[in-house]
Structure formats: structure tokens, C-alpha cells
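Okay, structure first, notes after.
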Amino acid sequence: EKGGYPNFMAKEINEQPHAVADTLLGRTDETGRLVLDELRISEDDLRAVDKIVIIACGTAAYAGMVAKYAIEHWCRIPCEVELAHEFRYRDPVVNERTLVVAISQSGETMDTLMAVKHARELGAKVVAVCNTHGSTIPRESDAVLYTHAGPEIAVASTKAFLAQITACYILGLYLAQLRGGTYADEAQAVMKDLHEVPAKIQQVLDGLDRVREIARFMADTRSVLFLGRHVGYPVALEGALKLKELAYIHAEGFAAGELKHGPIALIEPGQPVFVIVPSPSSEHGLHGKVVSNIQEIRARGARTLVIAEDGDEDVVPFADVVIRVPQTPALLAPLVTTVPLQVFACELATAKGLDVDQPRNLAKSVTVE
Ligand code: BG6
């Protein structure tokens, strides 16, 4: 069942090129236009949407945070992301023109389900982004966009995360296409880029021996920090979550810009810090700022583990370790930069002798509030 892998998690991490490719499959016609027949919400209703609210828990919420950057950029529709259990109890501003996107691998998470029901009571249209056919959240939603990651057995989510980002991107690009004009042109261009991502994920997977070696070496580590900016910020949060869930190590993710406002006080000699570096060619121009952050923490003794694009030489003088990922458009980068962090957590937990598929105290789907 595990296909020769030591555990389901290792198998699922390695299935990610397929998880993304299969989620993209059949969503465009021969001209490259997105066709989402399954989205049973009328084009008129979708055109009327003036606000998007993404609700989810855990890893799925981080997929939502990534999607917010992309959806607002592509569609110019305000997009919020909220933990489902907070949304439900907070008197949120939601109405008929709000599109609520509920992300859930299992489709059974009670917190998310309750938030879906609440959103519909308030008149919103709800689209579920879900990996499990016939599950409750899609049934209780107006429409569903399935992620085709295949069954995810390991409790902590890996391939479903990449598939959730992919599905949310498809939804965002579809909304952009509905807006027409330059929005539609960009949607087509991004779809082309997305189709190149599975091969890039494979390339990352093929080059992770050094990450595995480092993870094994770090089995006694007490605390690890993760820094990222723009879409790298939710990736940092997800990297930290994987380490907590799998290896029971205290880990925190921060927005790199926040470093100077507090977290830099945590840096002491030997503190391991992963930094997710944006592409030097990103139009947001944040590369230099993040490189400066690496320099700042290194000067205070941090052990810097830097995830950077092929050809980015600026990071080299300040990195104890450079983990390379292929050149990828800025908004698609999470689909490649997350992978080394998953492998790191999985390998470190394995080195500690832990059960990576069934971490203590966790359940695959939490069906109580
Ligand atoms: C948690 C799982 O209980 O629920 C996480 O341990 C998961 O891995 C979260 O991300 C949300 O689950 P789902 O099925 O709603 O995506």
C-alpha cells in the first residue's frame, strides 16, 4: 500500500507532482480557456461577487492564505481568509454578493462545516474545495471544486495542501476570465505556467538528499523558526506547522517583514531559521529585503537554512545551507518551496523514531467542534 515508501507521508509527499497535475486536468478547453462546468453557480452570480471569504482550518487555512495573494492580484476582488472556527462566532460581514470558499481535505471538519452553514444562512454562495467525493462539506455547499490529490492517509496534510492551492488558483483564474479583457489574458498565461509546475515539483523532490541529511542531523533541535514574505509567509507557517505536527518541535513561522518588530529578539547563536526567499525576478521586488533579513539574523548567530531559486547567488554569503528550487513565477512559488519543508519535517520526525503517519493527539478529520 505504501508503494515501497517507509510511510504514507513519504509516499504522499512524492505524489505531489501528480496531485497538482491531476487537479489541473480537464479544467481547460483546447484553446486554454478555463471551463468549470462543475461550478454550479451562474456566471451572473459570480460576476456580481464583490468579496471573497476563504474559511478553513489547519493546513487548509494556509492554502487559503496563499490563495488570497493570488486571487486579489488576478481578480481585484477583496479576499479575506479566516479560520472557520473564528468566522462562525464573530458576526462576519457576509451577504448575497459574498463568495465563500471552504477548503477541506476531508470534507468532514466540523468547524468548517458549521462555518459553511453559517455563511449560507447569511445569503453567501459557498464553493467547497475538497478532496473527498461525497463528503459532507461539498453536500452542504452550493458548488464544489474537487482537488484530485487522491486519498491522503497520513494525518498531517501534504499533497492535499498543494492540490488546494492549485484548485483555489483555478477558481481565481476562472473569476479573472469572467471579468474578461486583460484579466482573461493573464488567466490564460498563468494556466500555462501552472502546467509546468508538476515537473518543477519533481525536480525539487529529486534534489532533497541534503535536506534529509540535515534533518537527521537536527533530531535534537528544540526550536526552529521559519521566515517568509508575500506568498512565502503562509509557506513559513505551513513549514512550522509540519514540524510541530510530525516532530513535536516548537516551531514558529513569521512574516519576514515582522522580524524587526519582535521575533528578532529570539535569535541567539545556533538558532536554526528557515528562510523562504522570493525570486530575484519577482515583480513585487521583495528579494533584496528578504536577503537583508538573512544577513541580519546571521549576524546574530542564526543557523540559516535558505530556500532560494536556482541562480540566486545573493543568498550564498549569508546561508549556512542553500536549498535550491527551480525558477517559478512569484505566485506559483509555494507549490515548490513548500516541498523541502515537508521533507525536512518528515525526515526529522522519522529520525526521532516517531510515527509520522499518526502523530500523537491528532486526528485526520476532526468531526467535533
Ligand atoms: C486537522 C488535521 O485536524 O484538520 C490537519 O490534522 C488538517 O492536517 C486540518 O489540515 C483540516 O482538515 P480538513 O480535512 O478540513 O482539510
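The values are calculated or read from the model by the stated rules, or taken from the named source; none is laboratory data. Note that this is a predicted model, so its numbers are computed, not measured. Cβ atoms come from the backbone with ideal geometry, glycine included; neighbour counts cover every protein chain shown. All accessible areas refer to the heavy atoms of the entire protein, side chains included, with ligands and DNA or RNA removed. Shrake-Rupley method; radii C 1.70, N 1.55, O 1.52, S 1.80 Å.
Screening Ser365 with (1) away from the ligand (no atom under 13 Å from the Cβ); (2) in contact with an Asp or Glu (Cβ under 9 Å, 6 or more places away or on another chain); (3) of a type in the set (S, T, N, Q) gives one miss only, at (1). Considering only residues that are open to solvent by 10 Å² or more (accessible area, probe 1.4 Å), farther than 18 Å from Glu82 by Cα and of a type in the set (S, T, N, Q), which ones fall in the stretch 107-155? Once the filter is applied, which keeps residues that are open to solvent by 10 Å² or more (accessible area, probe 1.4 Å), farther than 18 Å from Glu82 by Cα and of a type in the set (S, T, N, Q), the stretch 107-155 yields Asn131, Thr132, Thr136.
Among the conditions (1) open to solvent by less than 50 Å² (accessible area, probe 1.4 Å); (2) farther than 20 Å from Arg139 by Cα, the only one that Ala60 does not satisfy is (2). Of everything in the stretch 312-332 that is open to solvent by 50 Å² or more (accessible area, probe 1.4 Å) and out of contact with any strand residue (DSSP E or B) (no Cβ under 9 Å at 6 or more places or on another chain), the residue that is nearest to Glu268 (Cα to Cα) is Pro317.
Taking the conditions (1) touching a helix residue (DSSP H, G or I) at 6+ places or on another chain (Cβ under 9 Å); (2) without any contact (Cβ under 8 Å) to a residue 40 or more places away in the chain in turn, Arg222 satisfies each one other than (1). Of all residues in the stretch 85-93, one or more are open to solvent by 30 Å² or more (accessible area, probe 1.4 Å) and of a type in the set (A, V, I, L, M).
Conditions tested, residue by residue: (1) out of contact with any Phe, Trp or Tyr (no Cβ under 9 Å at 6 or more places or on another chain); (2) free of Cβ contacts under 8 Å to residues at least 60 places away in the same chain.
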| residue | (1), (2) |
| --- | --- |
| Tyr5 | yes, yes |
| Asp22 | yes, no |
| Arg33 | yes, no |
| Ser42 | yes, yes |
| Leu46 | no, no |
| Gly58 | yes, no |
